[in-house]
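Worksheet: the structure to be examined is printed underneath.
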Amino acid sequence: MAETELTEVVDFLALHAPFDALPDRVRRDLAGRLTVRYHRRGSHLMTVGRDNDELMVIRSGAIETHDAEGRLVFRGAEGSACGSTTLVGRNPSRFDVVAIEDTLALHLPAEVFHELRREHEVFAEHFEGERTGLLRAAATAVATSRHGEPILRTSARDLAHRAPVTVGADAEIAQAARTMTDEGVSSLLVVEGERLVGILTDRDLRRRVLAAGVDPRQPVSDVMTSDPVVAPADASALELLLTMTEANVHHLPVVEGGAPVGVVTTTDLMRLERVSAVHIVGDVAKQTDVAGVVDFAARTPRLVQQLLEQDVSADDITRVVTSVGDAVERRLIALAHEDLAARGMGPAPRMCWMVLGSRARHEQALGSDQDHAVIIADDAPEGAEDYVAALAEQVVAGLEAAGHPRCPGDVMATNPRWHQRLSGWRAEFAQWLDEP
């Protein structure tokens, strides 16, 4: 690997357990002994009945682990590892590991893995625990029927499997980073007394501190996310899924009586769900064209079928469908903006795209028709309406391809009545109220 790539791998390892607990010199030496391999979506990293002699750490993408009967026992994303069951235990593999996205993995040879186990106790304990946990999950999958306890009703308290790791708001950023490294966590809760006031994540440290050149001696309150979205301890996993999808967050503090009791991550939810709204929404957000968005939107019926099999209520199912629909429409809007800019039609005016009808009520069903409108700022330049009309045509066509027919009543942003300036909307609403 080139020096820059080695540095990137060292930095990556420093963010993920148990490599974050290794000395810097060990991580740098380790980076030079790894190989990076690309695994196409659908390809096997491990196969039941075949020997495996490597540990694989996911650099980007996602994997699923299934037992010999095809039951899901684990889903992992960036920072997850596979292969320890054969390295700590014995060959051949008892699990299938499949890439569910195009995946980059760091491959660590067995001899290096065992060397690290001998020399670093924290490394050995981590993978012994991971192997035990995976085997326990497989045993649980065998013992539970397909129509057993609805896993989406697991509580937030159960998912927040460890006590929260916290610092005070006046702690230095450098101290917060050391605490995260020492504790092997990717997020840190910031408290004043027992009250949660913020959250700091690995991504925050990269974007708001390192990339921005912020002095690490500054207080953590300068770079944290203040008043973060939270979930009550008795919230179901389904409610957590919806909250994280709608807020577009990957770490969700769990609180009880106003005090934090832990953190739930998207990875925790992915371990519960083979087809999760969080995963679909994440996939949709990565798409670079309309065809890709449409492809992932087509997964929604399978998600609904799974929720029905788990006896999830109709209200909860329509909220999940709504969340996926929101993600699809947001991405189509963003792609339309990019296309218009490339064609020299920008810049976009100040505007707000509004969702109406069943999705606005969080009640969207499969195949619901489209209902939306646009508010254009009064100070937008002349011709803003033409831009919005062109934008709306692209979004409407994309939604139609994704399975949402055009509104029979033409309540869509392509209709001039439904893309007006703010003053026009005020007059429209006044008329509705005064002359219903």
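The values are calculated or read from the model by the stated rules, or taken from the named source; none is laboratory data. Fair warning: this is a prediction, and the values are worked out from it, not measured in the lab. Glycine gets a Cβ as well: all are built from the backbone with ideal geometry, and neighbour counts include every protein chain shown.
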* If we only count strands (runs of 3 or more DSSP E) wholly inside the range 1-93, which ones have 1 or more residues that are among the polar types (S, T, N, Q)? -> 35-39, 54-60, 63-66
* residue 191 vs. criteria assigned to a strand (DSSP E or B) and within 22 Å of residue 280 (Cα to Cα) -> no
* Asked: Could you count how many residues in the range 407-436 are under 21 Å from residue 367 (Cα atoms), surrounded by 16 or more Cβ atoms within 10 Å (Cβ to Cβ) and charged (D, E, K, R)?
  -> 0
* Asked: Among the residues of the range 327-335, is there at least one that is under 24 Å from the mean Cα position of the chain (by Cα) and modelled with pLDDT under 90?
  -> yes
* Structure fact -> Pairs returned, first residue in the range 157-181 that is surrounded by fewer than 18 Cβ atoms within 10 Å (Cβ to Cβ), second residue that is of a type in the set (D, E, K, R), beta-carbon separation under 6 angstrom, 6 or more apart or interchain, are 169/192; 172/217; 181/20
* Structure fact -> Of the residues in the range 242-262 that are within 17 Å of residue 330 (Cα to Cα) and touching a residue at least 40 places away in the same chain (Cβ under 8 Å), the one that is surrounded by the most Cβ atoms within 10 Å (Cβ to Cβ) is 245
* Does at least one position in the range 349-362 carry a residue that is under 27 Å from residue 288 (Cα atoms), small (Gly, Ala, Ser) and without any contact (Cβ under 8 Å) to a residue 24 or more places away in the chain? -> yes
